[in-house]
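**Q** Got a structure for you, questions after.
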Amino acid sequence: MKPQWNEYIALLRREVVPALGCTEPVTVALAAAHAARRLEGQPDAVQVLVSGNLLKNGMGVGVPGTGMTGLDIAAAVGAAGGNPALVLEVLRDLTPEQIAAGKRMLEEKRVSVGIAQTDELLLADVTVNAGGHTARCVIAREHGAVVLVERNGETVLRAPLPGEAAGDAEWPLTMERIHEFAVYAPFAEIAFILEAARMNEAIAGEGMSREWGMRVGRSMDEDIRQGLRADDMASFAIKMAAAASDARMDGIMLPVMSNSGSGNQGITATVPVVAFASRLGSDEEALARALIMSHLTAIHLKHHLGRLSALCGAILAATGSGCGIAMLMGGGMREIGFTVKNMVGNIAGMICDGAKNSCALKVASAVEAAIQAALLARRGTTVSGREGIVDDDLETSIRNLGRLGSSGMAETDKVILDIMVSKG
């Protein structure tokens with residue numbers, strides 16, 4: 001096995017991990033849990049400061065086990081009973097008593113949430129008080145990256161911001177390298193990715209079985225039964241991905257396999273590929289290779305965009321799943337490149353206006369576009385480099401998308417947040 005392939009596997013194991021609940025409120029819960037562990041007794045109060053992007057993504061999404069939405073309840077139950085050792089599954093083992101204690105803190109107005117003065121796009125700064133003592137935890141840049149822990153003002157832990165320790169290390173991925181790895185890596189070395197299929201297929205099934213969120217997936221299923229939609233591969237993939245997002249955004253107590261710190265992106269990079277593999281009769285090895293193609297593509301695109309932005313991350317993950325689907329249908333690097341360009345030339349401007357139930361609609365739209373992109377690519381059709389932000393060079397097209405979503409939509413991000421916080 002090529003030496004650099006070990007680096008790709010390490011990247012996958014770091015970026016494709018289980019997460020319970022939307023990762024923005026979970027980040028706040030994790031910081032609260034870390035802080036609370038430094039004190040004795042139940043917390044008296046919790047003060048939360050977050051970056052504007054984290055506030056935007058955590059305002060309207062369900063917090064698992066609570067039946068409530070928002071960063072305040074996430075902080076409260078994280079402090080009352082979160083297990084920081086579980087990282088993005090920090091709320092997994094909450095007891096009814098701990099949830100009740102968290103809700104009492106909200107009722108008694110002992111939890112505050114404000115916007116931090118920071119240039120970091122992802123930051124959660126949580127201070128917990130108990131018995132006259134205080135503890136503080138700061139998470140920054142990545143959803144599980146603890147960079148500071150203090151107790152009574154004294155530093156207990158300090159770590160470099162993610163990316164600083166790596167210095168100017170060259171980003172290892174290109175689409176050509178991802179494709180080579182997905183095709184030729186020993187199956188035994190990449191079979192672990194099948195756990196993403198098992199986990200995310202399970203939450204899709206739950207999303208189809210009950211009334212979660214906006215019922216986007218279940219509504220599509222009803223449309224199929226009523227003859228309003230065809231029961232084809234595309235509809236199957238779209239409805240299952242949407243159903244998984246329905247359940248996750250509504251706070252289901254089941255983990256998903258995330259991608260780049262996002263559960264919805266993990267769902268979008270996984271479920272459509274699994275759906276196509278199921279209908280095509282693909283074996284486990286073919287599925288694993290397609291999932292590797294999908295998840296690494298999503299990670300590659302996300303690297304050029306950043307963790308949080310005004311551009312919807314479902315676009316990036318769906319681009320990955322489109323590449324995985326193209327691969328399942330017998331496509332090679334040519335078809336995969338065409339799929340990426342078709343996505344960049346189609347829905348590159350979809351905005352992120354926070355995590356919420358309607359994210360299932362965006363997942364459905366992104367997956368539908370990805371399937372169309374892959375089917376066009378299969379026929380040799382692609383957006384040309386003379387059009388819009390697409391370039392003849394594939395990697396330049398990807399960099400253009402990242403530039404659009406990061407620097408190009410910076411003002412859009414501020415306007416979105418202002419609109420959201422002004423609604424009262």
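The values are calculated or read from the model by the stated rules, or taken from the named source; none is laboratory data. Because the structure is predicted, anything quoted here is derived from the model rather than measured. Neighbour counts are summed over all protein chains in view; Cβ atoms, including those assigned to glycine, are modelled from backbone coordinates with ideal geometry. Only protein heavy atoms, including side chains, enter the accessible area calculation; ligands, DNA and RNA are left aside. Shrake-Rupley method; radii C 1.70, N 1.55, O 1.52, S 1.80 Å.
**Q** Among the candidates G227, G163, which residue alone is part of a loop (DSSP other than H, G, I, E, B), of a type outside the set (K, R), surrounded by fewer than 21 Cβ atoms within 10 Å (Cβ to Cβ) and more than 24 Å from the chain's Cα centre (by Cα)?
**A** The match here is G227.
**Q** Please work out if A234 is crowded, with 23+ Cβ neighbours inside 10 Å and modelled with pLDDT of 95 or more.
**A** No; evaluated as a whole, the condition is false for this residue.
**Q** Is there a residue being buried (at least 20 other Cβ atoms within 10 Å of the Cβ), under 21 Å from the mean Cα position of the chain (by Cα) and outside any helix (DSSP H, G or I) anywhere in the range 400-410?
**A** So far as the range 400-410 goes, yes, one or more of its residues are buried (at least 20 other Cβ atoms within 10 Å of the Cβ), under 21 Å from the mean Cα position of the chain (by Cα) and outside any helix (DSSP H, G or I).
**Q** With the checklist (1) under 30 Å from D246 (Cβ atoms); (2) assigned to a helix (DSSP H, G or I); (3) not aliphatic (A, V, I, L, M) in hand, flag the one item G337 doesn't pass.
**A** Of (1) under 30 Å from D246 (Cβ atoms); (2) assigned to a helix (DSSP H, G or I); (3) not aliphatic (A, V, I, L, M), only one is false for G337: (1).
**Q** Against the conditions (1) of a type in the set (K, R); (2) touching a strand residue (DSSP E or B) at 6+ places or on another chain (Cβ under 8 Å); (3) over 19 Å from G263 (Cα atoms), where does R399 fall short? Just the number, please.
**A** Going through the list (1) of a type in the set (K, R); (2) touching a strand residue (DSSP E or B) at 6+ places or on another chain (Cβ under 8 Å); (3) over 19 Å from G263 (Cα atoms), R399 breaks only (2).
**Q** Still on this structure: Quick one: count up the residues across the range 114-128 that are open to solvent by 40 Å² or more (accessible area, probe 1.4 Å) and either basic (K, R) or in contact (Cβ under 8 Å) with a residue 60 or more places away in the chain (or both).
**A** Residues that pass the stated criteria total 4.
**Q** Go through (1) among the aliphatic types (A, V, I, L, M); (2) touching a residue at least 24 places away in the same chain (Cβ under 8 Å); (3) open to solvent by 60 Å² or more (accessible area, probe 1.4 Å) one by one and return the number of the condition M208 breaks.
**A** (3)
**Q** Of the numbered conditions (1) in a loop (DSSP other than H, G, I, E, B); (2) closer than 13 Å to K341 by Cβ; (3) within 22 Å of the chain's Cα centre (by Cα), K356 fails exactly one; give the number of that condition.
**A** It is condition (2) that K356 fails.
**Q** Tally up the residues in the range 87-99 that are over 19 Å from G58 (Cα atoms) and open to solvent by 40 Å² or more (accessible area, probe 1.4 Å), please.
**A** 5
**Q** Could you grab me the full set of residues in the range 378-399 that are part of a helix (DSSP H, G or I), of a type in the set (A, V, I, L, M, F, W, C) and more than 26 Å from the chain's Cα centre (by Cα)?
**A** Those that are part of a helix (DSSP H, G or I), of a type in the set (A, V, I, L, M, F, W, C) and more than 26 Å from the chain's Cα centre (by Cα): none in the range 378-399.
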